[in-house]
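Some notes on the structure that comes next.
The values are calculated or read from the model by the stated rules, or taken from the named source; none is laboratory data. These numbers were taken from a predicted model, which means no experiment stands behind them. Backbone-built Cβ (ideal geometry, glycine too); neighbour counts: all protein chains shown. Remember, those area values only see protein heavy atoms, side chains included, never the ligands or the DNA or RNA. Shrake-Rupley method; radii C 1.70, N 1.55, O 1.52, S 1.80 Å.
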Amino acid sequence: MTLQRLLGIELPIIQAPMAGVQGSALAVAVSNAGGLGSLPCAMLSMDTTRKELSAIKAQTDRPFNVNFFCHAPPTPSAERESAWRAALAPYYKEYGIDIDAIPVGPGRAPFSSEAAEVLHEFKPAVVSFHFGLPPAELLARVRAWGARILSSATTVDEARWLEANGADAIIAQGLDAGGHRGIFLSDDLTSQLGTMALVPQIVREVNLPVIAAGGIADAKGVAAAMAMGAVGVQVGTTYLLCPEATSSAVHRAALRSEAARHTALTNLFTGRPARAIVNRIMRELGPMSTAAPAFPLAVAAVAPLRAKAEGRGSGDFSPLWSGQNASGCKEIPAAQLTRELAAAI
Ligand SMILES: Cc1cc2nc3c(=O)[nH]c(=O)nc-3n(C[C@H](O)[C@H](O)[C@H](O)COP(=O)(O)O)c2cc1C
């Protein structure tokens, strides 16, 4: 089945949900252009989720995707938290931040019963998850109104697991991809494959439609992914300079610069491996560090450093999420970018 038929869209282009750098505006623009716009909810309160979903409904009749994380929240450890703060202490000193005034807190909430309730009011055509799938009871509630369910696989084993546990299509997320790795069956990063190696192997091993993600920056990349057997693509980084994205000034500057050619997987910003442009904190403490608490508990202690540095125009402590290929980033409307991505298929 084509992706267009499965999801009720015109172009096989999914705008990747990107928590923290976009809201309803980007989703509306892409859906109205014939692709599938996405609303990332991992960092939104229930109230904001409801407002953003109302905004989408008011501006498009087309299908859109709503995205959630579904990690198991960790048990906080005071010991790990204090080790993490000790690692950051020299920076707190440099920026005059009072270490005791920094709140502890999770920063990212997993899909919940409350979220399912909010979603039910809007009945989106597509719901996608990162880090596996939610518990069967919650997934059944989403399926009840006929939503198509997508989730990312970073290995063939994860793709098989998603097929066995209720996904309707699989997003094959290559190692090239920006943002968090969807990895959920293991924490062994040596298991991770580039998009070009991952997509054909998942296509061969599962019967579900496969969507390619990671490093796709232009129409040729889209055509290449489809030549490997993908039914469509999920594109993130390439949308980050669009005016509808809410990417920060330091993030935009980094994406436009030569620095964007050097990305790495880092756990410093959240506790889970995610790909970002290498910056000062990644160079000095990582990019991977055993001091960072479990996802998403690493977020709170870095947040004040990020805020102070960004206030001075510096991205030294910001998560400058990017895939390995930022060459397609353009400051053009997302609708135009979506049509350009689909130009060779
Ligand atoms: C800034 C940014 C934020 C992201 N946030 C999310 C998210 O909230 N949920 C999700 O499922 N994937 C997220 N991702 C991963 C994307 O779904 C996708 O796998 C990735 O963007 C594809 O690689 P590309 O960035 O090279 O196009 C994010 C990616 C980026 C670049």
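Here are some notes:
- Some residue of the stretch 219-237 being among the hydrophobic types (A, V, I, L, M, F, W, C), under 17 Å from the mean Cα position of the chain (by Cα) and either at pLDDT 95 or above or surrounded by fewer than 24 Cβ atoms within 10 Å (Cβ to Cβ) (or both): yes
- Condition broken by LEU138, with the remaining ones in (1) open to solvent by less than 20 Å² (accessible area, probe 1.4 Å); (2) away from the ligand (no atom under 14 Å from the Cβ); (3) within 20 Å of SER54 (Cα to Cα) satisfied: (3)
- Every residue from the stretch 25-53 that is assigned to a loop (DSSP other than H, G, I, E, B), open to solvent by 10 Å² or more (accessible area, probe 1.4 Å) and not polar (S, T, N, Q): ALA33, MET43, LEU44
- Unique residue being surrounded by 22 or more Cβ atoms within 10 Å (Cβ to Cβ), more than 13 Å from the ligand (Cβ to nearest atom) and under 25 Å from MET1 (Cβ atoms) when the list is VAL210, VAL203: VAL210
- Restricting attention to the stretch 271-293, the residues that are under 24 Å from GLY313 (Cβ atoms), surrounded by fewer than 22 Cβ atoms within 10 Å (Cβ to Cβ) and among the β-branched types (Val, Ile, Thr) add up to 1.
- Qualifying residue in the stretch 157-180 (condition: open to solvent by less than 40 Å² (accessible area, probe 1.4 Å), near the ligand (Cβ under 10 Å from one of its atoms) and in contact with an Asp or Glu (Cβ under 8 Å, 6 or more places away or on another chain)): no
- Selection status of LEU133, more than 14 Å from the chain's Cα centre (by Cα), within 13 Å of the ligand (Cβ to nearest atom) and not hydroxyl-bearing (Ser, Thr, Tyr): yes
- Residue in the stretch 288-300 that is assigned to a helix (DSSP H, G or I) and within 21 Å of ILE102 (Cα to Cα) present: yes
- Any hit, the stretch 312-325, residues being surrounded by fewer than 20 Cβ atoms within 10 Å (Cβ to Cβ) and part of a helix (DSSP H, G or I): no
- Of all the listed residues (LYS93, LYS123), the sole one being more than 16 Å from the ligand (Cβ to nearest atom), without any contact (Cβ under 8 Å) to a residue 12 or more places away in the chain and among the basic types (Lys, Arg) is LYS93.
- Yes/no for ARG252 being open to solvent by 20 Å² or more (accessible area, probe 1.4 Å), over 25 Å from ALA300 (Cα atoms) and of a type outside the set (Phe, Trp, Tyr): no
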